[in-house]
């Protein structure tokens, strides 16, 4: 199994959970308007941090990837697949917040 396939599955699960969480909310349009700037800033920060620190860790020999298991597309030393995990977290954490949190009026979300 390649890292790309694992990444696609991981991203798909996160996207489905977010879609379900948003579908359950009557105020989803307002939520999306309010959250997109923060999500964009967070996504950029996560991408930069992933690029910097994954390059450092791979360069130091703390982890490595075989070319047979990656797509071959790299940003420095980092396979592009490594960026899927922070992106999935960016999708999944707000979804879990919506699914497991409480509304301000005290009712279950």
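Throughout, read-outs are computed from the coordinates displayed, never taken from laboratory work. Predicted model only: the values in this text are computed from it and were never measured. Ideal geometry is used to build each Cβ from the backbone, glycine not excepted, and the neighbour counts take in all protein chains shown.
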Residue 41 and residue 74 label points (each 7 Å along its Cα→Cβ direction) are spaced in nm at 3.4
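For residue 33 and residue 64 in one chain, what is 0.36 nm times their gap in residues minus the Cα-Cα distance, to one decimal in nm?
Working: separation 31, 0.36 × 31 = 11.16 nm, distance 3.93 nm.
Once the chain is fully extended between residue 33 and residue 64, it gains 7.2 nm.
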Please give the helix 84-100 orientation as an angle from the longest Cα principal axis of the chain, in degrees from 0 to 90, rounded to the nearest 10. 20
Using only alpha-carbon positions, what ratio does the radius of gyration of the stretch 4-109 give when scaled by 2.2 N^0.38 Å? 1.29
Using mean Cβ contacts within 10 Å as the protection proxy, how do 39-46, 8-15, 58-65 order, highest first? 8-15, 39-46, 58-65
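When the chain is fully extended, how far beyond the present Cα-Cα distance does residue 12 get from residue 96, taking 0.36 nm per residue of separation? Display every interim value, and only then the final one.
Working: separation 84, 0.36 × 84 = 30.24 nm, distance 1.49 nm.
Gain on extension, residue 12 to residue 96, equals 28.7 nm.
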